[in-house]
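To keep things clear, I will list the structure first and then write my remarks on it.
The values are calculated or read from the model by the stated rules, or taken from the named source; none is laboratory data. Owing to the predicted nature of the structure, the values given are computational and were not obtained by experimental measurement. All Cβ positions, even for glycine, are placed from backbone atoms using ideal geometry, and neighbour counts span all protein chains on display. Just the protein is used for accessible areas: all its heavy atoms, side chains included, with ligands, DNA and RNA removed. Shrake-Rupley method; radii C 1.70, N 1.55, O 1.52, S 1.80 Å.
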Amino acid sequence: MSDRREFLKAAGAALTTSIFTGNVRGANDRVRIAFIGTGRQGVGNMETALNLPNVEVPVVCDVYQPNLEKAIAASGRGADGTPDVRPRAKGITDFREVLADKSIDAVSIGTPDHWHAYMSVEACKSGKDVYVEKPISVAIDEGRKMVQAARKYDRVVQVGTWQRSGAHFQKAVEIVTSGKLGKVTFVRTWNYGHQAPEGIGNPPDTDPPAGLDWNMWLGPAQMRPFNSNRFGVHPKEYSRFRWFWDYAGGMMTDWGIHLLDIVQMAFNETEPKVVTGLGGKFYLKDNRETPDTLQVTYEYPNGMIATYENRECNSQSMFQHNYGILFHGTEGTLFVDRAGFELVPEKGSALDAAGNQAEEEKREDDALLNHWRNFLDCIQTRKRPASDIEIAHHSTTTAILGNMAYRSKLRLDWDAQRETTLQSEARHMLKREYRKPWKLEV
């Protein structure tokens, strides 16, 4: 271990060079991972990672003291919840201290979405491997720079689109790619819910609570007065920042990306060529900015239409699931969500004539644990992970394009090679302006 520390010390002196450029790790090497952003998602990732052997969590980081203290306590718990089974992590409020620590091998970024790109690029530049939550970015240009940084500094960057690591999702994709469904020309994805019309309410702007560095929380986003919904930390929900354009993209990028990611996994990661979107805030009376009703339609180069639908005023759906993916083929229909999949032969099809009955498979493995195991394996082997940053950039791009079509009220023609729209009036939405002094540079 002393040799490895000396190697880390020497390599870390130049932050713009790679620490590991080949399979230099032994199977028993400890991997020291710092967790930046310790809300529900960040702590959940940490608890999952700590179930794997050879993982150490020396540092946790958050600008909100209550979340930081919860993460410190969680870092010491055992798998059964017993407190202080492990050494507690050190708590830090400024992520730049984490990146400057040469003893840390990798970081997990579970911050609000508007921080993902900057922190990921800087982590790559500091010689650290990265696990970053989805969506990887708020703007498409940011995502491309994340890919460039991963390649330039030879970093392993895994994205939290963990469904790819689930066995039943992989089997569902195999059914599609095998041709068992026949020709697939239509795929439907959706999130349906039924909220009270008050939604998340309309709290007034106030001073930030004690223990929160609001200026640092905003970071590269534009300066705004503190509002409890913009900050969004809630004891019974995932943070509400998701419903404000400065920081995220609503259900389209929060959940739609998970569903569309599996669609694109089944069709060779191809991005759409045409995108349209209709919707609005028709029902909820709260202060969120993102729509409560949305339908986005994608046309793919392979002659297939995919849709993403979200509504918050009615939860009924086909298959009686409030979210999911439906692949509609000439031979049958495949439904898949996190609980499993179901294949229903099309009446009169060859699949039906062959006597095939409806086929079901329930989830049996822990896909998130698999995803973290894959990340750790790739840190050792230097292979690209299941949700490599390039793959996740394609899926994030597709989700962001849905929001761009909705917000611009344009039919967007997408040039995937040049990563631009044929409609010049929409191109300003491909980037976002960073508040000084923050600057995204590869």
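Remarks
- Residue in the stretch 319-366 that is least open to solvent (accessible area, probe 1.4 Å), counting only those that are in contact with a Leu (Cβ under 7 Å, 6 or more places away or on another chain) and either over 20 Å from Val173 (Cα atoms) or assigned to a loop (DSSP other than H, G, I, E, B) (or both): Glu331
- When the stretch 185-226 is filtered for residues that are farther than 30 Å from Asp261 by Cβ and buried (at least 19 other Cβ atoms within 10 Å of the Cβ), only Leu212 remains.
- Of the strands (runs of 3 or more DSSP E) lying entirely inside the stretch 89-177, the ones with 2 or more residues being open to solvent by less than 10 Å² (accessible area, probe 1.4 Å) and within 27 Å of Ala416 (Cα to Cα) are found at 129-132, 157-159.
- None of Gly355, Gly402 is farther than 20 Å from Gln158 by Cα and at pLDDT 95 or above except Gly402.
- Tabulated pairs, the stretch 143-155, first without any contact (Cβ under 8 Å) to a residue 12 or more places away in the chain, second among the charged types (D, E, K, R) and surrounded by fewer than 23 Cβ atoms within 10 Å (Cβ to Cβ), C-beta under 9 angstrom, 6+ apart or interchain: Arg151/Glu390
- Taken together, the criteria place Ile391 among residues that are surrounded by 14 or more Cβ atoms within 10 Å (Cβ to Cβ), modelled with pLDDT of 95 or more and more than 26 Å from Lys281 (Cα to Cα).
- All positions within the stretch 70-103 that are among the small types (Gly, Ala, Ser), modelled with pLDDT of 95 or more and farther than 17 Å from Ser126 by Cα: Ala71, Ala73, Ala74, Ser75, Gly76, Ala89, Gly91
- Top-ranked residue of the stretch 404-432 - restricted to ones that are of a type in the set (A, V, I, L, M) and part of a loop (DSSP other than H, G, I, E, B), ranked as nearest to the chain's Cα centre (by Cα): Ala416
- Considering Lys273, Lys281, the condition of being among the charged types (D, E, K, R) and in contact (Cβ under 8 Å) with a residue 24 or more places away in the chain is satisfied by Lys273 alone.
- The set of residues in the stretch 34-62 being assigned to a helix (DSSP H, G or I) and not acidic (Asp, Glu) consists of Arg40, Gln41, Gly42, Val43, Gly44, Asn45, Met46, Thr48, Ala49.
- Some residue of the stretch 193-200 being of a type outside the set (Asp, Glu), in contact with a helix residue (DSSP H, G or I) (Cβ under 8 Å, 6 or more places away or on another chain) and at pLDDT 95 or above: yes
- Residue match in the stretch 194-209 (condition: more than 21 Å from Asp337 (Cβ to Cβ) and not in a loop (DSSP other than H, G, I, E, B)): yes
- Pairs with Cβ under 9 Å, 6+ apart, first in the stretch 39-54 and over 12 Å from Ala74 (Cβ atoms), second among the aromatic types (Phe, Trp, Tyr) and open to solvent by 20 Å² or more (accessible area, probe 1.4 Å): Gln41/Tyr238
- Filtered residues of the stretch 367-383 (kept if out of contact with any strand residue (DSSP E or B) (no Cβ under 9 Å at 6 or more places or on another chain) and either buried (at least 16 other Cβ atoms within 10 Å of the Cβ) or aliphatic (A, V, I, L, M) (or both)): Ala367, Leu368, Leu369, Asn370, Arg373, Arg382
- Yes/no for Pro197 being touching a Lys or Arg at 6+ places or on another chain (Cβ under 6 Å) and either farther than 18 Å from Pro135 by Cβ or among the polar types (S, T, N, Q) (or both): yes
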